[in-house]
Every structure is written in structure tokens, then in C-alpha cells.
Amino acid sequence: MKKEIQEEIEILWSDFEDYDVDQKLEASDRINKCASKEDLPQLLNLLKSEKNNFWVRELLAEPICDLGGSEFLEELFDASLLNEQEGHDNDSFNHFLTEIADSEPEKCKAKLNQLLAQPNFKHKEKATWLLQFCE
């Protein structure tokens, strides 16, 4: 992983006593600017980290949605579910998901239908919701 991304992630994971909201948002912005498709595996691992809270998962969702799109919907749904379980409304997270559907509707629709066809897929409601944005 790029050293810059890891440094910014450490800021996101830090206590608010060490970095305030504006500094954390600036760190997220720097991640969005420097991350590339080659960083997607590492960003996905970071998304799954137990160090995250709902806000960090939401901030990480943006570059993953932008760079990986439909390919990573299942991982994004997993993170979204964790946020919901923590009581977060996922407004921004859901916006990033709808941007995938808007930017690559056919690819997104195909991926969603593939996921929905899996017998034990645990995000059927979320996938069905997102499918309506692929039209």
C-alpha cells in the first residue's frame, strides 16, 4: 500500500483528541486524490478492519466505489450492514452506491443479478433497492 494512504488511514482511526473532524476529512480527501485501482485490495482490507467505525467505513466507501465500482458491491454491502447495525443511516454511503448504478448501469445490474441469484446472499434487500437505480 502507498505509504501516504496508510498515514491517512491512521489519522482516520485516531481519536478525536489527536485529530479533529476537519483534519479527518482532509485525510479522507487526500486518500481519494492519491488512491488508484492498484490500491483497491488494500482499501478493501482497510474497509474490513475491526478498527473502523461507521464513519471511517463510509469515508473508505467513496474511493472504493469510485475506483472499483460494481466489482466490489458485496464488500460494500457488508460494510453498509455493519454501519446499519451500529445505528448509522448510511446516507452518504448509499449515495456512493447509487453513483455506481448511475455511472455503470449495465455492469451494476449484471453484478446485482449475479449476487441476487446466490441462494445464501445476505444483502437481497439492499441489492434490490440498488437495482432500481440501474434503470
Checklist entry - Considering region 47-57 alone, what residues qualify as being touching an Asp or Glu at 6+ places or on another chain (Cβ under 9 Å), part of a helix (DSSP H, G or I) and open to solvent by 20 Å² or more (accessible area, probe 1.4 Å)? => result Phe54
Item to check | So Gln6, is it of a type outside the set (A, V, I, L, M), assigned to a helix (DSSP H, G or I) and free of Cβ contacts under 8 Å to residues at least 24 places away in the same chain | outcome: yes
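Quick check, is Ser70 in a helix (DSSP H, G or I), hydroxyl-bearing (Ser, Thr, Tyr) and closer than 20 Å to Leu130 by Cβ?
Working: in a helix (DSSP H, G or I): yes; hydroxyl-bearing (Ser, Thr, Tyr): yes; closer than 20 Å to Leu130 by Cβ: yes.
In short, yes.
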Checklist outcome for this item: Residue hits (region 1-30; in contact with a Cys (Cβ under 9 Å, 6 or more places away or on another chain) and open to solvent by less than 80 Å² (accessible area, probe 1.4 Å)) are Lys2, Ile5, Glu8
Checklist outcome for this item: Of the listed residues (Ser92, Ser80), the one being open to solvent by 30 Å² or more (accessible area, probe 1.4 Å), out of contact with any Leu (no Cβ under 6 Å at 6 or more places or on another chain), within 22 Å of Glu8 (Cα to Cα) and part of a helix (DSSP H, G or I) is Ser92
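Does Trp129 satisfy the condition of being out of contact with any helix residue (DSSP H, G or I) (no Cβ under 6 Å at 6 or more places or on another chain), aromatic (Phe, Trp, Tyr) and modelled with pLDDT of 95 or more? Give the steps one after another, and end with the answer.
On the way: out of contact with any helix residue (DSSP H, G or I) (no Cβ under 6 Å at 6 or more places or on another chain): yes; aromatic (Phe, Trp, Tyr): yes; modelled with pLDDT of 95 or more: yes.
Here the answer is yes, as Trp129 does meet what is asked.
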Next on the checklist: Six or more apart or on different chains, Cβ atoms under 6 Å: show the pairs whose first residue is in region 12-33 and touching a residue at least 40 places away in the same chain (Cβ under 8 Å) and whose second is surrounded by fewer than 14 Cβ atoms within 10 Å (Cβ to Cβ) and among the aromatic types (Phe, Trp, Tyr).
Outcome noted: none
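From the list Lys33, Lys126, exactly one residue is surrounded by 17 or more Cβ atoms within 10 Å (Cβ to Cβ) and part of a helix (DSSP H, G or I). Which is it?
Values: Lys33 fails: surrounded by 17 or more Cβ atoms within 10 Å (Cβ to Cβ).
None of the other options fit; the residue is Lys126.
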Next on the checklist: Condition check: assigned to a loop (DSSP other than H, G, I, E, B), closer than 30 Å to Phe121 by Cα and open to solvent by 50 Å² or more (accessible area, probe 1.4 Å). Does Asp102 satisfy that?
Outcome noted: no
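Checking the conditions here, which among Leu112, Leu97 is buried (at least 17 other Cβ atoms within 10 Å of the Cβ), more than 14 Å from the chain's Cα centre (by Cα) and assigned to a helix (DSSP H, G or I)?
Values: Leu97 fails: more than 14 Å from the chain's Cα centre (by Cα).
Among Leu112, Leu97, only Leu112 is buried (at least 17 other Cβ atoms within 10 Å of the Cβ), more than 14 Å from the chain's Cα centre (by Cα) and assigned to a helix (DSSP H, G or I).
The values are calculated or read from the model by the stated rules, or taken from the named source; none is laboratory data. Values in this document were obtained by computation on a predicted structure and should not be read as measured data. Positions of Cβ are backbone-derived with ideal geometry, glycine not excepted, and every protein chain shown enters the neighbour counts. The area values use the complete protein model at the heavy-atom level, side chains included, leaving out ligands, DNA and RNA. Shrake-Rupley method; radii C 1.70, N 1.55, O 1.52, S 1.80 Å.
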